[in-house]
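Everything below concerns the one structure shown next.
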Amino acid sequence: MPSGNFGNVCAGHIARMMGLPIDKLVVATNENDVLDEFFKTGVYKPRGSANTYHTSSPSMDISKASNFERFVYDLVGQDSAKVRELWSSVDQGGAFDLSVYMTQVHDTFGFVSGSSSHANRMQTIRQTKEKYGVVIDTHTADGVKVALELRDKNTPMVVLETALPAKFEDALVEALGEVPPRPASLNGIESLPQKFTMMDANVGAIKDFIVAHT
């Protein structure tokens with residue numbers, strides 16, 4: 001699963017805990033590889049904005065995954081006080097080390113991981129189009145790249161497709177030399193008027209606006 005905020009793969013973790021027959025949960029990151037670092041070493045060290053890179057899979061340009069503590073809660077035996085302690089360190093710009101739990105991470109919870117670069121994405125998009133006639137977006141390409149590296153030939157591997165290629169047109173043109181297909185409903189979307197409402201930073205006013213327009 002391509003992962004930045006740890007949302008989709010956390011859902012997979014919960015499904016696996018409920019009995020869905022998943023052998024491994026594969027976390028694929030881009031150059032912002034904080035999660036890959038954790039699943040390889042047990043050290044979780046989010047990076048500041050200066051060290052969070054802008055990449056061609058931008059929805060994964062995240063260094064502090066907002067869903068990750070849900071997994072750590074299970075990993076540390078559902079100890080809420082322990083989770084608070086760990087995230088207190090993170091909130092102060094620090095890190096934590098759960099390397100003593102790596103056997104559980106890999107064997108009990110089935111997590112493995114890998115990372116991908118821009119060059120990897122471009123190559124994976126090209127190879128997928130050449131081999132299967134399928135155009136994938138840059139985030140899915142990160143997932144495919146890592147999945148192929150960690151694939152067990154005796155177990156089916158499912159890669160989560162996370163976005164339309166048309167959303168990342170410039171990167172797809174770089175990879176394939178052609179504009180990716182668009183759903184008809186998106187044709188000409190750039191020329192449509194933008195609609196927005198300016199509001200004060202007032203919770204009550206925002207709530208009233210939502211009620212009035214839904």
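The values are calculated or read from the model by the stated rules, or taken from the named source; none is laboratory data. Quick caveat, the model's predicted, so the values are computed rather than measured. Please note: Cβ atoms are built from the backbone with ideal geometry, for glycine as well, and neighbour counts cover all protein chains shown.
Scanning the range 1-58 for residues that are assigned to a helix (DSSP H, G or I) and among the polar types (S, T, N, Q), which turns out surrounded by the most Cβ atoms within 10 Å (Cβ to Cβ)? Reasoning before the result, please.
Our first condition is that a residue be assigned to a helix (DSSP H, G or I); within the range 1-58, this holds for 7-17, 34-41, 49-51, 58.
Cutting the leftovers down to among the polar types (S, T, N, Q) gives us 8, 41, 49, 51.
Details: ASN8: 17, THR41: 13, SER49: 6, ASN51: 10.
Restricting to residues being assigned to a helix (DSSP H, G or I) and among the polar types (S, T, N, Q), the top hit is ASN8.
How about the range 4-21: which of its residues are hydrophobic (A, V, I, L, M, F, W, C) and closer than 27 Å to SER117 by Cβ?
Step one: of the range 4-21, the residues hydrophobic (A, V, I, L, M, F, W, C) are 6, 9-11, 14-15, 17-18, 20.
The answer is PHE6, VAL9, CYS10, ALA11.
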**OP:** Taking SER113 as the residue in question, decide whether it is surrounded by fewer than 16 Cβ atoms within 10 Å (Cβ to Cβ) and among the hydroxyl-bearing types (Ser, Thr, Tyr).
**Re:** no
Original post:
Just checking, how many residues over the range 99-136 are part of a helix (DSSP H, G or I) and closer than 19 Å to SER3 by Cα?
Top reply: 9
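Let's see how each residue does on (1) buried (at least 20 other Cβ atoms within 10 Å of the Cβ); (2) of a type outside the set (Asp, Glu):
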{"site": "GLY93", "(1), (2)": "no, yes"}
{"site": "VAL105", "(1), (2)": "yes, yes"}
{"site": "ALA119", "(1), (2)": "no, yes"}
{"site": "MET122", "(1), (2)": "no, yes"}
{"site": "GLU149", "(1), (2)": "no, no"}
Subject >> Answer residue from the range 1-38, given it is closer than 14 Å to HIS139 by Cβ and of a type in the set (Gly, Ala, Ser) and is modelled with the lowest pLDDT among those >> reply: GLY4
Original post:
Condition test on VAL83, is it farther than 20 Å from VAL34 by Cβ, surrounded by 15 or more Cβ atoms within 10 Å (Cβ to Cβ) and not acidic (Asp, Glu)?
Top reply: no
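Could you tell me which residue of the range 165-187 is farthest from LEU35 (Cα to Cα), considering only residues that are out of contact with any helix residue (DSSP H, G or I) (no Cβ under 8 Å at 6 or more places or on another chain) and of a type outside the set (Gly, Ala, Ser)? Give the derivation first.
Pass one, the range 165-187, residues out of contact with any helix residue (DSSP H, G or I) (no Cβ under 8 Å at 6 or more places or on another chain): 167, 169-170, 173, 177, 184-185, 187.
Now drop any that are not of a type outside the set (Gly, Ala, Ser), which leaves 167, 169-170, 173, 187.
Working: LYS167: 25, GLU169: 27, ASP170: 27, VAL173: 29, ASN187: 36 Å.
Looking at the filtered set, the residue picked out is ASN187.
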